[in-house]
1. Quick one: work out Rg over Rh on the C-alpha atoms of chain A, Rh as Kirkwood radius.
2. If exposed means no more than 11 neighbouring beta carbons inside 10 Å and the site is in a DSSP loop, what's the longest run of chain A without any exposed trypsin sites (Lys or Arg not before Pro)?
3. Over chain A, with a Gaussian network built from C-alpha contacts below 10 Å, which listed residue (A:Ala157, A:Ala130, A:Ala169) shows the highest mean-square fluctuation?
4. Per the Cauchy relation, a quarter of the hull surface: what is the mean projected area of the convex hull of the alpha carbons in the stretch A:178-270, in nm²?
5. In 10 Å bins starting at zero, report the fraction of Cα pairs in the protein assembly as shown per bin as a rounded %.
6. For chain B, the longest stretch holding no chymotrypsin sites (Phe, Trp or Tyr not before Pro) located in a DSSP loop with at most 10 other Cβ atoms within 10 Å is which?
7. Full-extension gain between B:Thr200 and B:Glu347, please, as 0.36 nm times their residue separation minus the C-alpha to C-alpha distance.
8. Roughly what percent of Cα-Cα pairs across the stretch B:91-166 reach past 20 Å?
Amino acid sequence: MANSRTNRHDYVRYAIKRLIQGVITVWLIATATFFAMHNVPGDPLLDEKAVSPEIRKNLQAKYGLDRPLLEQYGIYLANMIGGDFGISYAQENRSVNDIIREHFPVSAILGILSIVFAGLGGILFGALTAINRNRLPDIVIMFLVILGISVPSFVFAALGQMTLVNVNALLGTSILPVAGWGTVSHMIMPSLILGLGTMAFLTRLMRSSMLEIDNSDYLRTAISKGLPPTRIFLRHQLRNAILPVITVLGPSIAAITTGGFVVELVFAIPGLGRYFVQAVQQSDYTVIMGTTVFYGAFLVLMVIVVDLLYGLVDPRVRLD
Amino acid sequence: MEVTFSFERTRAISRTEVTTRPSLSYWQDAWRRFKVNPRSLISLYIVATLGLFTLVGPWVWTIDPTLQDLDQISVPPGADRRARVVGPHVRWEVDETNNAIPQTLSATQLAVIGEATTQAVRLAWNPVVGASGYRVYRGIAEPASPDALGLPLIDIVNAKLTRFEDRLDLKSRTYFYSVIALSSAGLELGEYATLDVEVTRVITANEAIARGLSERRGPSLIGETVYLDLHPLGTDYLGRDMLARLMHGARVSLFIGIVAPFLYVFVGILYGSIAGFAAGRWDQLMMRFADFVVALPFLLFMILFKIVFNTEPGESGISAMLLAMILLSWPATARLVRGQILQIREEAYIGASRLLGAGSMYLILRHMIPNTMGVILVTLTFAVPGAIFTEAFLSFIGMGVAPPNPSWGSMCNEGIKTMLTAPHELVFPAVFISLTVLVFNLLGDGLRDALDTRMRSAN
């Protein structure tokens, strides 16, 4: 009893420590973003039309660009803590918060679906290859895995779209839409494509972790005890083999959200990634800064959540 | 009895202990193990071939990658390059009006007059009942409905003017010409007639001579067949030679893919070995900073730094990309090297060297770095595909190498726009990227198995 209480105590301390580290990381990301953007040549008010010096001064005052750099940094941080990322320079009357609120859910749904595809596929195919080690399914799947790791996501996206166009033309009806967003049928192809690279990676990981367990003492014990094979497979092998897969899910979420840029561009999905690329092309500094910090905070949070979950699932994990 | 000891060498025993094979150095042994694996050997050959393609290729295939061949736009490899030489275009002289009895519109009425060539396609049809004009469409696919006839070429507002000469940007291919009758209000009357027309490529004698396609001169050239410029891998949407662009693109992509890892692995080695050697507080501090850099969202900051460093509008953007990659990618190597150094510094030979009076710099350079070389080489090989991916990704979203410099990523970006009509423009650069990444992955696997026994994969 006492032992479990200290464990829980340790866990809470570990969680608080991770959260504090996360907040510091986000602050550093915000700082790096702010000073990086201030070193960009030119300024956001110079881009469009030529304005008279008076108007320029007024605009600078409006956006607070006439104040000393450190003061601007202070205002920026204070606003950000209050959850305000500022106003877009390129799109009038649109705040960065609006843009994030409107477009992030789209990216999030796409990302979650891909993670689900990648996770399920990776575990399934990884287990399949390990069971059929060095036999045909193993060879075929591992060949596909190498392809999946070597082919860039935009090539997959293009191929997927081309396939859809051809299949739709062949059947005369649209089984899945080629581009766009809105219904469930719009989501299937892009999230599959987005998850492919991660799926390949997870399959390889799952396979090696399954094979490692194959040689473990506890598996041999379970077999010699005469447990039914399905029970051995599900409870002893699969459950333990999934653990390393869970650890890499955090970084995988990062890979998938940024990989989402390409898929959003190719499939014309109104997600935040596409807006980020657009903001970069339009030098929309506030949107660039806001999105970077938001994405950064999101990724840091995801990694922490996955680590904390992992601590819950696997009691052997060292909390430090 | 006295025992005598003999201290002479016993030859027989020493002969049996002679080693039959000379002992191998670390690198010889690694090469021996590397050679056994056919996959890594094949990948090494492919890497060498890619290197040749990149370095020697542009000397052999000397076509300028920015040169546009406007006669051959988006041409797939192996396409027909023949062109018949003809005289200059002659005006189509016929009566203005067609007084034939109007009929209902059907496909049989539509006819090509003369030969359909890339110089001109001449269409004629009979007057249509109830029509007060006609609209002519040109499509590249068989029309499925009156709404999908293709490109409208002309509105004719005279029921008796039933002919049309198309001279608009004709290519050597099959076109589907559709004629639809118009009401007096200018509205389309339901039915349409479609005719598929195979267009043959022709070139005027003057142009053929001007472009050096034929040795002979003068009007005698007319009727001859000449061959347009050869493009072994086809051309892109601006008529630029794909092979030349792939070679020059390889220079950019492989340059970034190989130089960037070299640079950031070097930075990582320095940082990691200093941290590992310093140990204690400094080590902690330096590694905290490395942790922070790792936590930055990589591609977002790649883009951000790319904006910050891209000062001149005319720049290719390669140096900005290299700098951004170095700033963001060094921590992985630094961590690895630090771990190795922490391990090695406890070894006895370091202590011995220190006893003999070796300084810190000497220890790092002479003992620690050489002993981590194997691990570093493996990291380097695995870093190449990552860097190639990053370059391709940035170029694909338009943040990479500035046009007109080709890179495989930007070629994919351009190719994706025409992928349905000219898939080769996407397929070739995509295959090159994938093959390169694949080969470096396999090479890395092979090197890992050969160089580092501790890092060997489970299977």
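Computed from the coordinates by the stated procedures, all read-outs in this text should not be read as laboratory data. Because the structure is a prediction, the values reported are computed rather than measured. Counting neighbours? That spans all protein chains shown, and the Cβs are built from the backbone with ideal geometry, glycine included.
1. 1.07
2. Looking at chain A, A:226-315 is the longest stretch - no exposed trypsin sites (Lys or Arg not before Pro) with at most 11 other Cβ atoms within 10 Å.
3. Its mean-square fluctuation being the largest, the pick is A:Ala169.
4. Reported value for the Cα convex hull: 7.5 nm².
5. 2, 10, 16, 20, 18, 13, 9, 6, 3, 1, 1, 0, 0, 0, 0
6. B:8-459
7. Value of the extension gain: 45.1 nm.
8. Roughly 32 percent, once rounded to a whole number.
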